[in-house]
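Read through the structure below, which is laid out as structure tokens, and then see the notes.
Coordinate-derived values only; no laboratory data. Note that the coordinates shown come from a computational prediction; the quantities given were computed from them, not determined experimentally. Glycine gets a Cβ as well: all are built from the backbone with ideal geometry, and neighbour counts include every protein chain shown.
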Amino acid sequence: MDNPVVEMRGVSFSYDGLTRILRDVNLTVAAGDYLAVLGPNGGGKSTLMRLLLGLLTPSSGEIRILGKKPSEVCTRIGYMPQLNEATRIFPISVLGVTLMGLIGATGRGWLFSRKEKKLAQAALDRVGMLEFQHRRIDRLSGGQRQRVYIARAIISSPDLLLLDEPTASVDAGGRSALLTLLMELNREMSIIHVSHDLSVVAAGAHSVACVNRTLHFHPRPEITKDMLQMMYGGDEKGRCPVEIFAHGDIPHRVVEECDDEEAPALITPEGRRL
Ligand SMILES: Nc1ncnc2c1ncn2[C@@H]1O[C@H](COP(=O)(O)OP(=O)(O)OP(=O)(O)O)[C@@H](O)[C@H]1O
């Protein structure tokens, strides 16, 4: 593959030197890809993100982002971390939150030029939040807040956007609008999107990776029986314990065809079994 955005070769990682959180991960992400990263709690998805950002160093193996070490290209990576209560109540304006995305690049702390403020406003406009620029971040709805954090991640027009659960605690309508926005952003940048929400695959991801200590890559937007088994295990008959529903138009198949009569199937809104 020519000029991949991400290349991981034989990457393993342990926080304490004893327990391996990730084991022999190999991954190549093509430029322009939209990769959905799925997996159970504690499977190692956020750890994978931190490795790609250069915040953690592999115990073994090698990572290249845009052909370089992650620490050499951090200004070309946009990152939206998993949000928590602390980020919600931080008393700062929407414009201030967005400008924080430039702190590492300018090296001037909280001092921003007029040009940088214009960049922040352009990013807020891109995500439909410019009219809220002077409002405090804790006075927004959950979906609006997620948009502001996406603006912060894209303020420097990164080549690669890493998103850790960007649709968490957003209702179905808000989630669908956010996914549409991310698909639009994908025309300009490669995206890696960590999610528990399988609908990201139906919404337009190009490829899927399942992370549960090891990583299983699938180059098409499909979730196979093997992937579900790897992520969530199964009962004594090998049946998958999760049921999957997709809403609205489904542009492509979400679950691989299954020859097991008893296995849960994907049913379209019209009642058709896939
Ligand atoms: N800083 C840390 N020090 C030690 N162990 C950690 C640290 N961060 C995470 N872990 C452990 O590493 C494992 C993977 O955690 P990680 O956050 O990467 O999983 P995840 O797939 O993102 O989970 P979730 O879906 O719940 O967010 C877990 O067992 C977790 O307890």
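Structure notes:
- Near ILE223, the amide H atoms lying under 5 Å from its own belong to VAL255, GLU256; only residues 5 or more places off or on other chains count, and H is placed 1.01 Å from N.
- Counted residue by residue at 0.36 nm each, then reduced by the alpha carbon distance between them, the extension gain from ALA168 to LEU18 reaches 50.9 nm.
- Value of relative contact order over segment 1-93, rounded to a whole percent, pairs C-alpha under 8 Å and six or more apart: 31
- Once both labels are positioned 7 Å from their Cα atoms along Cα-to-Cβ, the gap between ARG187 and ASN3 label points is 2.0 nm.
- Ranked ARG9, ARG175, criterion: other C-beta atoms within 10 Å, fewest first: ARG9, ARG175
- Near the amide H of SER60, within less than 5 Å, lie the amide hydrogens of SER12, all on another chain or at least 5 residues away, with H placed in the peptide plane.
- ³J(HN,Hα), Karplus 6.51/-1.76/1.60, whole Hz, each residue of segment 28-33, x for Gly, Pro: 10, 10, 6, 4, x, 5
- Using R0 = 35 Å, the C-beta based FRET efficiency linking LYS115 and LEU55 works out to 0.80.
- Per-residue Cβ neighbour rank within 10 angstrom, fewest leading, ARG147, ARG76: ARG76, ARG147
- Backbone geometry of segment 200-216 corresponds, through the Karplus equation with coefficients 6.51, -1.76 and 1.60 at θ = phi - 60°, to 3J(HN,Hα) couplings of 4, 6, 5, 6, x, 4, 8, 8, 9, 10, 9, 10, 8, 6, 9, 10, 10 Hz, x marking Gly and Pro.
- Built amide H within the under 5 Å cut-off of MET80, gap 5+: LEU162, LEU163, ASP164
- For segment 4-232, Kirkwood radius (reciprocal of mean inverse C-alpha pair distance, Å): 18.0
- Coupling constants for segment 2-12 follow from the phi torsions by the Karplus curve (6.51 cos²θ - 1.76 cosθ + 1.60, θ = phi - 60°), and in residue order they are 6, 6, x, 6, 10, 9, 10, 10, x, 7, 10 Hz; glycine and proline get x.
- Cα-based reach from LYS225 at 24 Å (exclusive), listing lysines while leaving out same-chain residues under 8 positions away: LYS45, LYS237
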